[in-house]
Amino acid sequence: MANLIPIIGLEIHVRLKTKTKMFCGCANIDDSAPVNSAICPVCTGQPGALPALNLEAVHLGVRTGLALECRIPDTSHFDRKNYFYPDLPKGYQISQYDFPISEHGVLVVDVPGQKAPRNTVRIGITRAHLEEDAAKNIHDAKTGSTIVNFNRAGQPLLEIVTEPDFRSPAEAKVFLQELQAILRAANVSLADMEKGFMRCDANISLLEIDENNQPLKAGYNPKTEVKNLNSFRSVERALEHEIERHEQIYATGETPKNTTRGWDENKGETFDQRSKETSADYRFFPEPDLRPLSLADIREKEKGEIPELPAETRARLRKEFGFTEEDAIFLVANAGWANYAEDTMGELGNWLEATDNRTDLSAGEILSQQKEKLGRLAGSWLTNKLAAILGQKGLSIERCNITPENFSEFLHLLYENALNSTNAQKLLLLMVETGADPSHILEEHNLGQMNDPAVLATVVTRVLTQNPAQAEEVRAGKTGVVKWFVGAVMKATEGRANPMEAEKEILRQIGA
Ligand SMILES: [Zn+2]
């Protein structure tokens with residue numbers, strides 16, 4: 001059998017962060033709000049109710065299109081997409097069919113762990129169009145009844161459709177992560193997948209290729225559409241499962257059928273769902289109750305609203321502050337961290353410039369060396385240690401007790417070796433718990449590095465006297481035992497000795 005490669009495309013529904021719904025004045029509220037607490041005749045589809053377009057949604061949609069390098073046409077319009085379902089009281093959804101607000105964009109993403117040339121992939125954006133969400137059916141298994149929650153009906157959505165440019169589940173996952181970061185940076189959506197602000201359908205088929213990776217025939221094989229994936233991990237797992245399922249079908253000499261499937265997170269399997277209507281079944285036609293959209297002015301205004309995009313922020317964090325690539329990815333991907341890191345580094349930069357008085361190197365060289373060292377130090381303490389402590393305590397960086405000023409002072413203490421790493425972790429935990437100034441905690445809890453050589457010498461003498469047999473082993477050339485003594489000295493000083501100084505002092509006193 002020929003080699004098979006996956007051909008994957010995505011459709012992503014993004015809930016826009018507007019104050020009100022797409023076509024009425026009802027609040028665009030969270031799913032946690034009481035059922036049917038934000039509804040009106042328009043969004044419940046009462047006879048005679050007319051839609052009024054929310055321009056804020058158009059602005060946010062156009063801004064997203066621009067951030068994805070789409071072409072924004074001068075005009076666009078809405079269409080009716082007809083189908084019958086209990087969550088759709090009008091019998092049609094207002095969407096956009098042949099004149100969407102944006103088309104022909106691209107997003108380039110790095111794929112860690114994939115070999116060149118697919119370590120960086122270019123994903124075409126076919127289109128991004130506006131539409132309204134449907135209501136939500138809530139089935140009650142106990143009573144067998146169903147409640148239709150119309151709070152969601154009429155909420156503004158942007159549907160982003162990609163070209164079938166993905167060749168692995170990992171590519172789809174990093175694309176979605178990058179898209180989420182863009183949506184958050186552009187302030188158009190909360191883009192939280194688990195909360196339904198970003199939902200993903202994935203199309204997948206397999207294609208036979210020859211040994212030069214060229215397709216053996218024109219066109220694509222039948223595909224599966226996996227609906228309503230609500231986490232990055234489920235997108236990746238569902239696609240991996242479908243690749244396996246298709247491979248098994250081809251292995252028996254059969255060809256898979258076009259199908260729509262759901263994803264069972266617990267079983268780790270896809271399952272068959274209703275087959276999908278084709279666009280002919282939807283009988284699209286222009287929405288007669290809304291005027292065509294003129295986009296030229298909105299496009300010009302939104303060009304000025306495009307913020308620094310995540311890829312640019314990562315590059316700047318690395319260049320300006322010396323963060324590693326991995327740390328920059330973490331800081332940009334997690335809400336609030338890039339700002340916190342920048343504020344912290346700003347404080348540190350002031351300190352660097354104020355205290356730099358060495359003369360053996362040019363000022364520029366000193367700064368760039370210190371910057372690199374500080375960037376690595378700051379990166380690992382932010383993304384590793386601080387993130388872990390906040391994670392354990394269920395706190396976001398925005399709700400962290402440590403001001404950037406105090407965190408920069410903490411890094412400053414580490415930079416000057418004022419405390420060892422074990423005690424630094426204790427100090428950081430106390431800072432999170434109390435919000436107090438690090439120098440203050442250092443003194444109060446006696447966590448600082450022991451810098452007096454005479455005190456260290458006394459401790460070493462005591463430890464050696466208490467362990468004569470081990471001291472004898474060191475004299476006999478067993479160098480491994482020296483480390484054991486260092487450990488004993490660290491224990492005796494409650495972690496405050498400098499391990500390197502302790503080792504020197506042990507060897508000096510033993511005379512080895
Ligand atoms: Zn309404």
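The values are calculated or read from the model by the stated rules, or taken from the named source; none is laboratory data. From a predicted model like this one, the values you see are computed outputs, not experimental measurements. Counting neighbours? That spans all protein chains shown, and the Cβs are built from the backbone with ideal geometry, glycine included.
Give me the residue from the stretch 12-38 that is surrounded by fewer than 19 Cβ atoms within 10 Å (Cβ to Cβ) and among the hydrophobic types (A, V, I, L, M, F, W, C) and, out of that set, nearest to the ligand (Cβ to nearest atom).
Once the filter is applied, the top-ranked residue is Ala27.
Show me the helices (runs of 4 or more DSSP H) found entirely inside the stretch 227-344 where at least 3 residues are at negative phi, crowded, with 19+ Cβ neighbours inside 10 Å and not assigned by TED's automatic domain parsing to the domain that holds Ala170.
Where helices (runs of 4 or more DSSP H) fall fully within the stretch 227-344 and carry at least 3 residues being at negative phi, crowded, with 19+ Cβ neighbours inside 10 Å and not assigned by TED's automatic domain parsing to the domain that holds Ala170, they are 310-321, 325-333.
Among the residues of the stretch 110-120, is any among the polar types (S, T, N, Q), under 23 Å from the mean Cα position of the chain (by Cα) and crowded, with 16+ Cβ neighbours inside 10 Å?
Going residue by residue through the stretch 110-120, those that are among the polar types (S, T, N, Q) are 114, 119-120.
If we keep only those that are under 23 Å from the mean Cα position of the chain (by Cα) as well, we get 114, 119-120.
Subset that is crowded, with 16+ Cβ neighbours inside 10 Å: 114.
Checking the stretch 110-120: at least one residue is among the polar types (S, T, N, Q), under 23 Å from the mean Cα position of the chain (by Cα) and crowded, with 16+ Cβ neighbours inside 10 Å.
Kindly list, by first and then second residue, each pair from a residue in the stretch 38-49 that is in contact (Cβ under 8 Å) with a residue 60 or more places away in the chain to a residue that is of a type in the set (S, T, N, Q) and more than 7 Å from the ligand (Cβ to nearest atom), limited to pairs with Cβ atoms under 6 Å and residues at least 6 apart or on different chains.
The qualifying pairs are Ala38/Asn151.
Restricting to the stretch 434-485, count the residues that are in a helix (DSSP H, G or I) and not aliphatic (A, V, I, L, M).
Taking the stretch 434-485 as the starting set, the residues that turn out to be in a helix (DSSP H, G or I) are 434, 438-444, 453-466, 468-475, 480-485.
Filter again for not aliphatic (A, V, I, L, M), leaving 434, 438-440, 443-444, 453, 458, 461-462, 465-466, 468, 470, 472-473, 475, 480, 483-485.
So the count comes out to 21.
Can you tell me which residues in the stretch 132-164 are assigned to a loop (DSSP other than H, G, I, E, B), touching a residue at least 24 places away in the same chain (Cβ under 8 Å) and of a type in the set (A, V, I, L, M)?
Initial filter on the stretch 132-164 (assigned to a loop (DSSP other than H, G, I, E, B)): 133-135, 140-145, 150-155, 163-164.
Those left that are additionally touching a residue at least 24 places away in the same chain (Cβ under 8 Å): 133-135, 150-155, 163-164.
Of everything in the stretch 132-164, those that are assigned to a loop (DSSP other than H, G, I, E, B), touching a residue at least 24 places away in the same chain (Cβ under 8 Å) and of a type in the set (A, V, I, L, M) turn out to be Ala134, Ala135, Ala153.
Considering Gly9, Gly48, Gly91, Gly65, which residue is at positive phi, away from the ligand (no atom under 16 Å from the Cβ) and either of a type outside the set (Ser, Thr, Tyr) or in the same structural domain as Glu178 (by TED's automatic domain parsing) (or both)? Walk me through how you get there before you give the answer.
On the way: Gly9 fails: at positive phi; Gly48 fails: away from the ligand (no atom under 16 Å from the Cβ); Gly65 fails: at positive phi.
Going through Gly9, Gly48, Gly91, Gly65 in turn, just one is at positive phi, away from the ligand (no atom under 16 Å from the Cβ) and either of a type outside the set (Ser, Thr, Tyr) or in the same structural domain as Glu178 (by TED's automatic domain parsing) (or both): Gly91.
Six or more apart or on different chains, Cβ under 7 Å: which pairs go from a residue in the stretch 1-20 that's free of Cβ contacts under 8 Å to residues at least 40 places away in the same chain to one that's of a type in the set (S, T, N, Q)? Could you list them?
Pairs found: Lys19/Asn28; Thr20/Asn28; Thr20/Asn54.
Surrounded by fewer than 22 Cβ atoms within 10 Å (Cβ to Cβ), more than 27 Å from Ala251 (Cα to Cα) and among the hydroxyl-bearing types (Ser, Thr, Tyr): is that true of Thr162 in this structure? Before the answer, list the steps.
Numbers: surrounded by fewer than 22 Cβ atoms within 10 Å (Cβ to Cβ): no; more than 27 Å from Ala251 (Cα to Cα): yes; among the hydroxyl-bearing types (Ser, Thr, Tyr): yes.
No.
For the structure I just gave you, tell me whether Gly144 is closer than 29 Å to Cys43 by Cα, small (Gly, Ala, Ser) and more than 16 Å from the ligand (Cβ to nearest atom).
Details: closer than 29 Å to Cys43 by Cα: yes; small (Gly, Ala, Ser): yes; more than 16 Å from the ligand (Cβ to nearest atom): yes.
Yes; evaluated as a whole, the condition is true for this residue.
For the stretch 213-267, what are the residues that are among the acidic types (Asp, Glu) and within 30 Å of Ala134 (Cα to Cα)?
We begin by selecting, within the stretch 213-267, every residue among the acidic types (Asp, Glu); these are 225, 236, 240, 242, 244, 247, 254, 264-265.
Across the stretch 213-267, the qualifying residues are Glu225, Glu236, Glu240, Glu242, Asp264, Glu265.
Just one of (1) among the β-branched types (Val, Ile, Thr); (2) more than 26 Å from Phe323 (Cβ to Cβ); (3) modelled with pLDDT under 90 trips up Thr422, so point out which.
In the conditions (1) among the β-branched types (Val, Ile, Thr); (2) more than 26 Å from Phe323 (Cβ to Cβ); (3) modelled with pLDDT under 90, Thr422 misses (2) alone.
Return yes when Pro41 is within 16 Å of the ligand (Cβ to nearest atom) and surrounded by 19 or more Cβ atoms within 10 Å (Cβ to Cβ) and no when it is not. Spell out the reasoning first.
On the way: within 16 Å of the ligand (Cβ to nearest atom): yes; surrounded by 19 or more Cβ atoms within 10 Å (Cβ to Cβ): no.
Answer is no for this residue.
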